[in-house]
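First comes the structure, then the notes that go with it.
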Amino acid sequence: MRGLCSVNSTVWSACSRICDGGTRERTNLCFMNNRRAPCKSCNIQDNEVEKCNIWPCPKCRVEVDVGILLDSSSSIKEWTVVVNATSEFVSVLKNQNVSVLFGVVLYANRPQIFRRFNQPVTIEDIRRLAHISGGTQTDLGLITMKQDIFKEKNGDRKRVKNVCVVFTDGESNDRKATVSAASSLKAENVEIYTVGVEKANMEELEAISTSKKHVFFTHEIRDLTQALYGTLKAICPDA
């Protein structure tokens, strides 16, 4: 007589791609009559893999300068998920028929410039970004975007579309200063998109962004690729 089979599964991993089809994985722990057993006894695999994010990648029709502002504060517990999703975001934009340049800034207690528009950036560069830890001084990150990244001397092209994508999982230490810094950056004709996860403050995201349509949010950091896909579609609309 066959015993009673039960399965404990881990959560699905983050999808490996933002678009054009990736994969995600989870691990199963199987038990037969409350004792560990091979999962084939339960007619399932020890490790499951399935397709995800099968929608097509958007195509940019115009050149874009994209500033990426990454929250690297202590509350970010799954930094690898963040940098992998960001690297995929950069990969999609690099694989366009038009020129797309990148400026990358991390922030916690203070901003840290990683790349300016006139400096090359690779996918592996993004994946190797180190977690800073500290507070959430989003205002200082936005000020750095205005005073350094979006400057012609550092490779910014004023004749092309200028976009800043702000990623965060919480709220800034100084909301008033953050909203003021965002307004100052928007006054320089820079569109601001926000990508919030988990406990990100929606009111603050909307106040920072160019409009409510520039706000993207997901409750689970493992679904960050889906929020970034929405951002890509907004930056590179179909028409």
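We did not get these values from a lab; they are worked out from the coordinates using the rules stated. Since we're looking at a predicted model, the values are computed, not measured. Ideal geometry is used to build each Cβ from the backbone, glycine not excepted, and the neighbour counts take in all protein chains shown.
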Given [x] 60, 38, 26; [y] 131, 43, 33; [z] 75, 40, 30 as possible values of Cα extents along the principal axes in Å, the one from the coordinates is [z]
Is the range 1-132 best put as rounded, prolate or oblate by its Cα gyration tensor, with a ≥ b ≥ c the root eigenvalues, rounded for a/c under 1.5, and otherwise prolate when a/b is larger than b/c, oblate when not? oblate
Hydrodynamic calc, the range 99-216: Kirkwood Rh from Cα pairs, then Stokes-Einstein at 20 °C with viscosity 1.002 mPa s, so D in µm² s⁻¹ is 148 µm²/s
Net +/- balance of residues flanking Y107 in space, Cβ distance below 11 Å, scoring K and R +1, D and E -1: -1
Compute all pairwise cysteine Cβ distances in the chain, then list the cysteines with no distance under 4.7 Å to another cysteine. C164
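At a Förster radius of 25 Å, what calculated FRET efficiency corresponds to the Cβ-Cβ distance of R157 and H219, to the nearest 0.05?
0.10
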If R0 is 41 Å, what FRET efficiency do you get for R128 and R36 from their C-beta distance, rounded to 0.05? 0.65
Across the range 5-52, how large is the tail of the calculated P(r) beyond 14 Å, expressed as a percent of all Cα pairs? 51 percent
Can you tell me the orientation of helix 175-186 relative to the chain, as the angle in degrees between its alpha-carbon axis and the longest Cα principal axis, to the nearest 10? 60 degrees
Once phi is turned into θ = phi - 60°, what whole-Hz ³J(HN,Hα) does the Karplus curve with 6.51, -1.76 and 1.60 give for every residue of the range 187-192, x standing for Gly and Pro? 5, 8, 6, 9, 6, 10
Alpha carbon centre of the range 103-146 versus the range 1-69: separation in Å? 30 Å
I need the shape label for the range 187-239. Rule: rounded when a/c is under 1.5, else prolate if a/b > b/c, else oblate, with a, b, c from the alpha carbon gyration tensor. oblate
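Let me have the 222 nm mean residue ellipticity of the chain computed from DSSP H runs of 4+ only, each contributing -39500 (n - 2.57), with the sum over all residues rounded to the nearest 500.
Details: 6 runs with 59 residues, N = 239.
Value at 222 nm, helices only, nearest 500: -7000 deg cm²/dmol.
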Hey, which of these cross-link pairs are over 32 Å Cα-Cα: K59/K158; K51/K146; K94/K212; K153/K176; K40/K199; K77/K158? K51/K146; K40/K199; K77/K158
